[in-house]
Structure formats: structure tokens, C-alpha cells
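Trainee: Take a look at the following structure, please.
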């Protein structure tokens with residue numbers, strides 16, 4: 001890698017052209033990645049891509065006038081001081097908030113580059129163009145705001161908020177809820193069966209922890225290996241797997257922890273209360289994010305939990 005201060009004027013212009021070409025393609029990727037779910041925001045990035053394309057053409061024209069046709073390939077990774085950016089294609093599906101933050105960071109970095117390059121330029125035309133580009137990068141964020149106001153009408157903004165909510169539900173809430181339901185309900189039988197069979201809080205705690213962690217690992221891998229999210233839009237498989245696994249384990253650990261209390265009757269009473277709270281929380285989440293009527297959600301979750309709980313009680317008491 002080379003230090004920025006070691007670059008000649010010709011190399012600085014070549015680097016600037018490379019940066020503008022990269023930013024233009026990044027904005028094009030952002031627009032394409034957002035188009036399906038966030039069409040209005042995709043149009044904003046199309047406008048920013050056109051801005052970068054205009055910068056690149058002006059830099060190439062100046063370079064040709066001063067140094068001829070051949071432009072050496074000097075990339076950001078060849079020069080110290082640049083922030084390395086994660087490739088866009090590795091971040092699919094794109095999150096709108098993350099994309100906007102990254103775009104803002106790109107503009108700040110480009111402006112600082114042009115200001116520093118202009119301070120080192122000896123040619124008047126080069127210094128003038130670099131100063132102009134620095135100011136345009138500074139106003140680029142305002143340009144993005146103007147494009148958003150023009151293209152993101154209230155209806156479009158509302159539609160994008162709804163799309164963002166759908167993606168959040170699909171990629172985070174849904175796998176997390178599936179894990180929480182499985183962990184909370186499926187571990188009821190072994191925990192309470194062990195508790196009633198042994199009348200020993202510690203034995204119930206050990207069984208509950210083993211069942212909870214085992215179920216978390218199993219559900220996490222099952223979710224991660226179910227699909228890669230490329231067709232369903234459900235997000236990165238390992239993110240879903242981690243969310244599902246953690247929530248599954250937490251669902252079982254919740255009513256297992258009361259058995260740390262040495263007194264068996266007190267532990268049983270506390271565990272039953274925790275189970276009721278868990279089932280109520282699951283019903284509320286289903287109502288809040290899955291648009292399930294609250295009484296319907298409570299009936300479905302409560303009935304399932306009651307059947308599994310009774311199974312554990314009957315087996316443990318036999």
C-alpha cells in the first residue's frame with residue numbers, strides 16, 4: 001500500500017476516478033437491492049448514482065487533457081487511510097436504515113478525500129475541480145434529502161414503512177417467535193414430569209436446563225438449514241438460526257430457573273406463574289406482530305401449553 005502523500009497528481013486523479021466509479025456501482029447495487037421492497041428509496045439511489053457518474057466524467061475529461069488516454073488502475077485498497085467497505089452483494093437482503101447510514105458515510109469519506117487532494121494539487125484546474133467536487137459531496141446529503149422529499153411521497157413512505165415492518169417480522173420476529181413457542185411449550189413436559197417424579201428442585205433444574213439448551217441447539221440448526229433466504233426473503237439463514245436457537249433456549253430456561261429455589265413447593269409455584277407469564281407474552285407477540293386476534297392467540301397458545309403441561313404432570317405423577 002502507498003501513503004496518500006506519496007501520490008503524484010496523475011495518481012490522485014486516477015484514484016478519484018476509481019473512487020467515483022466504485023461509488024456509482026455501489027449506489028446502483030443499493031438501488032437494485034432495494035427496488036423490490038423500497039421502490040421510492042431505490043429511485044433516490046438512482047439519482048445519487050447519476051450524480052457520481054457526472055463526477056466521474058468530469059474527472060476523466062480533466063485527466064485526458066493533462067495526462068492522455070491511459071488511466072492507471074489505482075484502487076482504494078492500494079492507498080492507506082481509506083475505510084474498507086463490505087461488499088454489497090455479501091449484505092443481501094439489504095436493510096434500508098443500514099444502507100442510508102452507509103451512503104452518508106461514503107459521502108463524508110469522499111468529501112475528505114477531495115479536500116485533501118485539492119490541498120496537494122499544483123495545477124489550478126485540478127485544484128478547482130477537486131474543490132468543486134468536495135463542495136458537491138458536501139451538498140450531496142442535501143441532494144439526497146431533496147430527492148427523498150420529491151420521490152418519497154407520504155403514500156410511498158408509508159408503503160416503505162409497511163415493507164420494512166414485514167421484513168422485520170419475516171426475518172426476526174417469526175423465527176424468534178417459533179423458537180420461543182417451542183422452548184416454552186415443549187420443555188414443560190420434561191421439566192414438570194421430572195419435578196413431580198423426584199420432588200427434587202435440583203433434579204428438575206438439571207432436566208430443564210438440558211432440555212432447554214438441547215432444544216435451542218436443535219431448533220437453531222433446523223432453522224439455519226431450512227433455506228438460505230434467497231427465494232423466501234427471510235434473511236441470512238445463520239441470523240435466523242441464532243435468533244431461533246436463543247429464543248428457544250430462553251423459552252425453556254424461564255420456567256426452569258425457579259427450581260433453583262431449594263423449597264420444592266415454592267419452586268413449583270413460581271414455575272407455574274412463570275409459565276403463565278410466558279404463554280401470555282407469546283399470545284401478545286402473536287397479536288402484535290402476526291395480526292392474530294388476542295383472544296384467538298391466547299386460546300391457541302394456552303390450549304397447547306395446557307396440554308403439554310398436563311402431559312408432564314400425568315407422567316411425573318404416575
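Quick grid of which residues meet (1) closer than 24 Å to residue 135 by Cβ; (2) modelled with pLDDT under 85; (3) under 17 Å from the mean Cα position of the chain (by Cα):
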{"position": "7", "(1), (2), (3)": "yes, no, no"}
{"position": "21", "(1), (2), (3)": "yes, no, no"}
{"position": "24", "(1), (2), (3)": "yes, no, no"}
{"position": "38", "(1), (2), (3)": "no, yes, yes"}
{"position": "52", "(1), (2), (3)": "yes, no, no"}
{"position": "68", "(1), (2), (3)": "no, no, no"}
{"position": "81", "(1), (2), (3)": "yes, yes, no"}
{"position": "97", "(1), (2), (3)": "no, yes, yes"}
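Trainee: Another one. Condition first: touching a residue at least 40 places away in the same chain (Cβ under 8 Å) and within 25 Å of the chain's Cα centre (by Cα). Now tell me which residues in the stretch 282-304 satisfy that.
Mentor: So in the stretch 282-304, the residues touching a residue at least 40 places away in the same chain (Cβ under 8 Å) come out as 282, 285-286, 289-290, 301, 304.
The answer is 282, 285, 286, 289, 290.
Trainee: Can you tell which of 273, 285, 315 is buried (at least 16 other Cβ atoms within 10 Å of the Cβ) and part of a helix (DSSP H, G or I)?
Mentor: Values: 273 fails: buried (at least 16 other Cβ atoms within 10 Å of the Cβ); 315 fails: buried (at least 16 other Cβ atoms within 10 Å of the Cβ).
Selected residue: 285, the only one of 273, 285, 315 that is buried (at least 16 other Cβ atoms within 10 Å of the Cβ) and part of a helix (DSSP H, G or I).
Trainee: Among the residues of the stretch 176-186, is any within 35 Å of the chain's Cα centre (by Cα), in the same structural domain as residue 308 (by TED's automatic domain parsing) and over 14 Å from residue 279 (Cα atoms)? Steps first, answer last, please.
Mentor: Initially, the stretch 176-186 is screened for residues within 35 Å of the chain's Cα centre (by Cα), giving 176-186.
Narrowing further to those that are in the same structural domain as residue 308 (by TED's automatic domain parsing): 176-186.
Applying the additional criterion that residues be over 14 Å from residue 279 (Cα atoms) yields 176.
Yes, because at least one residue in the stretch 176-186 is within 35 Å of the chain's Cα centre (by Cα), in the same structural domain as residue 308 (by TED's automatic domain parsing) and over 14 Å from residue 279 (Cα atoms).
Trainee: On the given criteria, is residue 268 over 15 Å from residue 176 (Cβ atoms), outside the structural domain of residue 33 (by TED's automatic domain parsing), part of a helix (DSSP H, G or I) and touching a residue at least 24 places away in the same chain (Cβ under 8 Å)? Working first, answer last.
Mentor: On the way: over 15 Å from residue 176 (Cβ atoms): yes; outside the structural domain of residue 33 (by TED's automatic domain parsing): yes; part of a helix (DSSP H, G or I): yes; touching a residue at least 24 places away in the same chain (Cβ under 8 Å): yes.
Yes; evaluated as a whole, the condition is true for this residue.
Trainee: If you don't mind, another one. Among the numbered conditions (1) surrounded by 17 or more Cβ atoms within 10 Å (Cβ to Cβ); (2) in a loop (DSSP other than H, G, I, E, B), tell me where residue 262 comes up short.
Mentor: Condition (1) is where residue 262 drops out.
The values are calculated or read from the model by the stated rules, or taken from the named source; none is laboratory data. In this text, all values refer to a predicted model and were calculated from it rather than measured experimentally. Neighbour counts are summed over all protein chains in view; Cβ atoms, including those assigned to glycine, are modelled from backbone coordinates with ideal geometry.
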